[in-house]
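Below is one structure; the comments refer to it alone.
Bear in mind that the values in this text are calculations on the coordinates, not laboratory data. Not measured: the values here are computed from a predicted model. Here the Cβ is made from the backbone with ideal geometry for all residues, glycine too, and neighbour counts use every protein chain on show.
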Amino acid sequence: MTAARITPAEKAALREPWEDIARQRQAVELGMWAFLASELLFFSGLFAGYTIYRSIYPQAFWEAGAETSLWFGGANTAILLISSAVVALVPRAARWPGLGRFARAMLWIGALLGVAFLVLKGFEYREDFHEHLWPGPDFKLHAEGAELFFSFYWCLTAIHAVHLVVGICLLARLAVAGARDPGWFTETPAVQATALYWGLVDIIWTVVFVIIYLPGRGG
Amino acid sequence: MSAAGRRRHDDMPTVREIVRRPAWVLLVLLVALGLNIGAAFLPIAPFLKTAFHLIVAAGTVALIAFIFMEMEKKGPTIRLFAAAGFIWIAILFLLIFSDYGIRR
Amino acid sequence: MSDAVLDDTSLPHDVSTFDKGYLGDGHTLRSWLLTTDHKRIAILYALTLTIFFFIGGVAIALVRIELVTPAQDFVTADEYNRLFTLHGIIMVWFFLVPSIPATFGNFLLPLMIGARDLAFPRLNLFSWYLTVIGGAFTVYVLLAGGVDTGWTFYTPYSSIYSNSHVIAAAIAVFVAGFGTIATGINFIVTTHTMRAPGLTWFRLPLFVWAMYTVSVVIILATPVLAMALTLMMAERFFGVPIFNPQGGGDPILFQHLFWFYSHPAVYIMILPAMGVVSEVIPCFARRRLFGYDFMVYALVAISVVGFFVWGHHMFVSGESPYANLVFSFLSFVVAVPSAIKVFNWTATLYRGQITYEAPMLYAFGFVGLFTMGGLTGLFLASIPIDVQATDTYFVIAHFHYVMVGGTVSAFFAALHFWWSKITGRMYPETWARFAAVLMYFGFNFTFFPQFIMGWAGMPRRYGSYPPEFQIYHVLSSAGAVVLAAAYLMPLGYLTWSLRWGRRAGDNPWGATGLEWQTSSPPPTHNFDKLPTVERAPYDYHPEGYVETGEAARTIEASQKGGEQE
Ligand SMILES: [Cu+2]
C-alpha cells in the first residue's frame, strides 16, 4: 500500500504476497516460533522415553551416566552457550547497514563454534566406540537398563547433531547471501529466523547435557 | 507503517552497546554451567542433585529464550506458541506418567 | 460475461468471454509444478490425494474380496497383512490427514480471509513436494512387496521381527508428516497476520477456525509421531534397544508416543470436516449458524482435550488401571464439545428454508454418520466394553464411521459446494444428488454389518474366519461395491462438468463468505480489490432480505448473467 516508499533494500527482502516488510518479518517470526514449538515436541518423545526408563532403572542410568565423557560434554556445552550468545548479536546488529559486517562476522564465528562442537563430538564418539559403549553384544556395562541409557545417548546426541548441521548451514548461507547483498541483509526476516533456530539447538542441548552427562558423578 | 520502523543512521548503537547485555547473560550462563558440573560431584542424594541440575537447566533455557532469542520483546501470540511447546510436553509427561508412575 | 457465450465449443479460445482466472495462468507442466499460487497447489494436492485414495481403495477391495469366503483362499495370509497395512497407511497419511486442509484449506483459506495468498507460498509448494516424496516412498514399498505391520507400526514386531519394508514405509510417513507440519505453520501464520480489515477473530467463518485449530493440533502432534517412528527405525536399523523387552525396553512406550499423535490425528481429520459442514448447512438452510461462539469454543476444546485421551487405545495393552480410568474419563469429556457441534448444526436447520442440493445431502450424511461414529466411540471409551470389543470389527466400524463416514462425506460436500468456485462450472445436480444418497447407503451397507459381527466377536486383521460370520462379511463386501460406485461417480461427472458443465457465475448458492465475492474461478491474486468486512459470518438474513432458498438463487443467477438453459 505504500509502494512508493519502499526502499531497494526492502524490495530485495520482500516476498509475495507481502507488501510491507515489517509485517512480513512478524509473520516469519511467528512461523518460526510455531516451528520451534513443533521441534520441542519432536524431542519430547526422546525426553519422555529417557525419563521413563530412568524411573525404571535408576541405578543402571546412574552407572551408565558416569561412563560418558564430562570433558567433552562440558566443553561442548560451553561452546554452544558462547555460540548462541554470538548468534544472538546478529539480529541486534544486522538491521543497521553500518553493522552489517560485524553481524556477518558473528555469523561466521557462530558457525565455526558449531563446527568445533561437531569435531569434539566426533572425537567423543570415537572414544565411546573404543570403550564399547555402543549397545550390542560386546557392550561394556552389564546392568539391565544401561544399554537403554546409551541408546538414548546415541539417539539424543545424533539427532541434536543433525539439527546443529542444519543450523551451521543456515548460518553460513545467511552470511554468504548477506555479503552478496548487504541491503537485503538489513531487511530480510531470515536473520531473525536463523538466530531463533540456533537458539533452539542450544536449548535442546542444555537439557541433553543435564540428563546425559551429569548423572553418576562423584560416586 | 514502514516509515515508522525505518531506522536513521544516528540511532545506530555501538558494537559495545549491542554486546553488553548478551555478554553478561553469557557470563551468568557459563557460571551456571560450572555450578551444575560442580554440583554433580557433591556427596548428596542423587535426586537432590538431579533436581538442582534441572532447575539450573530451566534457568538456562529461560535466559536463552528470553534474552538471546528476544522473547522479552515479543507479543502475546508468540509467547503463546512458545509456551504451547512446553505445555504440550508437560501434557505428554503428565499423562504418560499416569501409566508408568502407577504400573506394576 | 455475456449471454452470447451459450456454447463455448463453437467459439475459438477467447479469454475475454470467460475469464479463466488462475487456471489461465499457464498450461505447461512447469507452470503447475513450480507454481506458488495456493489455488494451483490445492489442485496439485487434490490430484495427488485422489490417486492415493484409489490405490488405498484397490488395496481394501482385494481385502473385501478375500473376506467373502471364510477360508483364506484369494490371497495368502502374508499378502493379506500387507494389503490391509497398505490400505491403512495410504488412507490415513496420504488421504485423510491432508485431505481437506491441503486441498480446500489451501484453496479457500486466503479467499475466506480476503488475502492474496498464504503467508509463505514457497513453503506451501515445498510441503506438496514433501507429500509427493513421502508418496514416492509409499509407492516404492508397494512395488517392493509391501509392509505387514499394520498402519500402527507396533513394536517390537515392526522394529525386530517383521520381514517387510518397514523402514521405507516409516520414512514415507515421516516425510509426509513434515509436509503437513509445513502446511499447518502456513495456515497459522496466515490466519494471524493476513485477515482483511474488519475481519476479527469472531467474524471468521467456521471453516477458517477449523483450519486454524487443526493446524495447531498438527504442529503439536505430528512431531511426536515422527520421533516414535525415528526411534522404531533406530531400533530396527542399528539394533540399539529402545522398545525391545530383551534389552529392558518397553514396547508400550511406542504405543504411547504413537497414540499421542494418532488420537489427535482423528481430530486432524474431523475438525476440517466440521468446518466444511458449518459452511454448507447455514447456506442451504438460509439460516445464521446457531451458536457461533460455542461452535468456536467447541473446536478449540476438541483440539486441546483431544490430546488428553490417547490412552483409550491401550486399555488392554498393560497400561496401568489408574491410567485407564483417567483416559476413559477424559474420552467421555471430549465427546461433549462434539455433541455441542451436532446439536448446533441441527438447531441451525430449525425453521430454515432447507433445500437439498448435493453439498447439503453430503453434509447431512456427515452429521448422521459422525453421530453414529461418535456414539459408538462412547461405547469404546468405557473400559469394560472396550475390553470386550478391542481388536474386533466393532472398532473398525466405529472409526470408519468417524473417519470415512465423517471426513470423506464432508470432503465430498466441500467438493460439490466449492466446485463452481474452483472450476467456474456447475456439476450436474441430479447425478450428484444420486451419488450422495448412494454414498450414504453404500457406507452403511458396508460398515453397519461390521458393528454386528464385531460385537459378536469377529476380530480384525484376519483373512479367514468362522463360517457364522460369513453373512456379515458378504453384506459388507457387497456394500463396498456400492460404495466404490458412489466414489467413482463424481470422478466421472465432475470431469464431464469441466468441459460441459454450465457456467456457474460467481455465487451460485447465494452464500455469504468472502470467497464468493470474487469471480469463479478467482483471479491469480484472488481479489481485484481486497475486501473489507463489516458483518458477522453467515449473514443469511440481512436487513430487508426477503427472498430465500431456490428463489434467491434464481434471482442471484439472473442478476449475474452467465446462466443458461
Ligand atoms: Cu482415540
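For A:GLU147, A:GLU10, which order do you get if you count the other beta carbons within 10 Å of each Cβ and list the fewest first?
Values: A:GLU147 28, A:GLU10 21.
Ascending number of Cβ neighbours within 10 Å: A:GLU10, A:GLU147.
Just need the Rg to Rh number for the range A:43-213, please, alpha carbons only, Kirkwood Rh.
Values: Rg = 18.7 Å, Rh = 17.2 Å.
Taking Rg over the Kirkwood Rh, I get 1.09.
Between C:TRP500 and A:LYS11, what FRET efficiency comes out of the Förster formula 1/(1 + (r/R0)^6) with R0 = 56 Å and r the beta carbon distance, rounded to 0.05?
Working: r = 46 Å, r/R0 = 0.82.
In this case the efficiency is close to 0.75.
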> When the C-alpha atoms of the range C:142-228 are aligned to their principal axes, what extent does each axis show, in angstrom, from largest down?
Replying inline: 58, 24, 18
> Order of C:140-149, A:116-125, A:43-52 by packing, highest average Cβ count within 10 Å first?
Replying inline: A:43-52, C:140-149, A:116-125
> Check C:ARG425: other-chain or 5+ apart residues with amide H under 5 Å from its amide H, H built from backbone geometry?
Replying inline: C:ALA504
> Mean residue ellipticity at 222 nm from the helices of chain A, using -39,500 (n - 2.57) per DSSP H segment of n ≥ 4 over the full residue count, to the nearest 500 deg cm²/dmol?
Replying inline: -27500 deg cm²/dmol
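If you count, for each residue, the other Cβ atoms within 10 Å and average over each peptide, how do C:449-459, C:483-493, C:359-369 line up from highest to lowest? Can you show the working numbers first?
Numbers: C:449-459: 19.7, C:483-493: 16.9, C:359-369: 24.9.
Descending packing order for the listed peptides: C:359-369, C:449-459, C:483-493.
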> Where in the range C:200-231 is the amide nitrogen less than 13 Å from a point lying 7 Å along the Cα-to-Cβ axis of A:ASP20?
Replying inline: none
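Between B:PHE93 and C:TYR157, what is the FRET efficiency for a Förster distance of 41 Å, r being their Cβ-Cβ separation, to the nearest 0.05? Walk me through the numbers on the way to the answer.
On the way: r = 27 Å, r/R0 = 0.65.
Between B:PHE93 and C:TYR157 the formula returns 0.95.
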>> Given the DSSP H assignment, sum -39500 (n - 2.57) over each helix run of at least 4 residues in chain B and divide by its residue total; what's the result at 222 nm in deg cm²/dmol, nearest 500?
In response: -24000 deg cm²/dmol
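Once you list every other residue whose beta carbon is under 12 Å from the beta carbon of C:TRP151, what net charge do they have if Lys and Arg are +1 and Asp and Glu are -1? Write out the running numbers ahead of the final one.
On the way: positive: C:ARG82, C:ARG460, C:ARG461; negative: C:ASP148.
Spelling it out: positives minus negatives among the neighbours equals +2.
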>> Give me the dipole magnitude in Debye, nearest 20, for the protein assembly as shown about the Cα centre, with unit charges on the beta carbon: positive for Lys and Arg, negative for Asp and Glu.
In response: 1900
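Okay, helix-only estimate at 222 nm for chain C: each DSSP H run of n ≥ 4 adds -39500 (n - 2.57), divide by all residues, round to 500 deg cm²/dmol; what do you get? Mind dumping the intermediate values first?
On the way: 18 runs with 347 residues, N = 565.
Result for chain C: -21000 deg cm²/dmol, rounded to the nearest 500.
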>> Which lysines, if any, have their Cα less than 22 Å from the Cα of C:LYS39, not counting same-chain residues under 8 positions apart?
In response: C:LYS20, C:LYS421, C:LYS529
> Taking the Cα atoms only, what angle lies between the long axis of helix A:70-94 and the longest principal axis of chain A, rounded to 10 degrees?
Replying inline: 10
> Put a dot 7 Å past each Cα toward the Cβ at A:ALA116 and A:ALA158; how far apart are the dots in nm?
Replying inline: 2.7
> Angle, helix C:292-305 long axis vs. longest principal axis of chain C, Cα atoms, 0 to 90°, nearest 10?
Replying inline: 20
> Which one of A:ILE79, A:PHE152, A:TYR213 has its Cα pushed farthest toward the positive end of the charge dipole of chain A, where Lys and Arg give +1 and Asp and Glu give -1 at the Cβ?
Replying inline: A:ILE79
> Hey, fewest Cβ within 10 Å first, where do B:ILE102, A:ILE21, B:ILE78, C:ILE268 land in order?
Replying inline: B:ILE102, B:ILE78, A:ILE21, C:ILE268
> Out of residues 5 or more away from C:THR392 or on other chains, whose amide H comes under 5 Å of its own, with H placed 1.01 Å from N in the peptide plane?
Replying inline: C:ARG460
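Go ahead and run the numbers for FRET between C:ASP73 and C:ILE51, Cβ-Cβ distance against an R0 of 35 Å, rounding to 0.05.
Efficiency at R0 = 35 Å is approximately 0.70.
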>> I need the P(r) histogram for the protein assembly as shown: all alpha carbon pairs, bin width 20 Å from 0 out to the longest distance, whole percents.
In response: 14, 44, 33, 8, 0
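Please state the relative contact order of chain C as a whole percent: Cα pairs under 8 Å, 6+ residues apart?
Numbers: 925 pairs, mean separation 103.5, N = 565.
Over chain C, the number comes to 18 percent.
For chain B, what is the charge dipole size about the Cα centre, in debye to the nearest 20, if Lys and Arg each add +1 at the Cβ and Asp and Glu each add -1 at the Cβ?
Numbers: 12 positive and 6 negative charges, 15 e Å.
Rounded to the nearest 20 debye, it is 80 debye.
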>> Counting only other chains, and only Cβ atoms inside 10 Å, what mean value do you get across the residues of A:22-31?
In response: 6
> Which order results if C:VAL280, A:VAL210 are arranged by neighbouring Cβ count within 10 Å, fewest first?
Replying inline: A:VAL210, C:VAL280
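Evaluate the charge dipole of chain C about its Cα centre and quote only its size in Debye, nearest 20, assuming +1 on the Cβ of each Lys and Arg and -1 on the Cβ of each Asp and Glu. Walk me through the numbers on the way to the answer.
Values: 28 positive and 34 negative charges, 102 e Å.
Computed about the Cα centre, the dipole is about 480 debye.
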> Three principal axis extents, largest first, for the C-alpha atoms of the range C:35-275, in Å?
Replying inline: 61, 42, 29
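In whole percent, what relative contact order does chain A give with Cα contacts below 8 Å and a gap of six or more residues?
Values: 237 pairs, mean separation 79.2, N = 219.
Relative contact order for chain A comes out at 36 percent.
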> HN-Hα J couplings of the range C:473-484 from phi, Karplus 6.51/-1.76/1.60, θ = phi - 60°, integer Hz, Gly and Pro as x?
Replying inline: 5, 5, 4, 5, 5, 5, x, 5, 5, 4, 4, 4
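Sum up the charges of everything whose Cβ sits under 13 Å from the Cβ of C:ASN344, counting Lys and Arg as +1 and Asp and Glu as -1, but leave C:ASN344 out. Don't skip to the answer; put the middle values down first.
Numbers: positive: C:ARG287, C:ARG288, C:LYS341; negative: C:ASP293.
In short, +2.
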> What list of ³J(HN,Hα) values in whole Hz, one per residue of the range C:444-454 in order, does the Karplus curve 6.51 cos²θ - 1.76 cosθ + 1.60 (θ = phi - 60°) give from phi, with Gly and Pro shown as x?
Replying inline: 5, 4, 6, 9, 5, x, 5, 4, 5, 5, x
> Can you give the angle from 0 to 90° between the axis of helix C:549-560 and the longest principal axis of chain C, with both taken from C-alpha atoms, to the nearest 10?
Replying inline: 50
> Excluding A:SER69 itself, what net charge comes from residues whose Cβ is under 12 Å from its Cβ, given Lys and Arg +1 and Asp and Glu -1?
Replying inline: -2
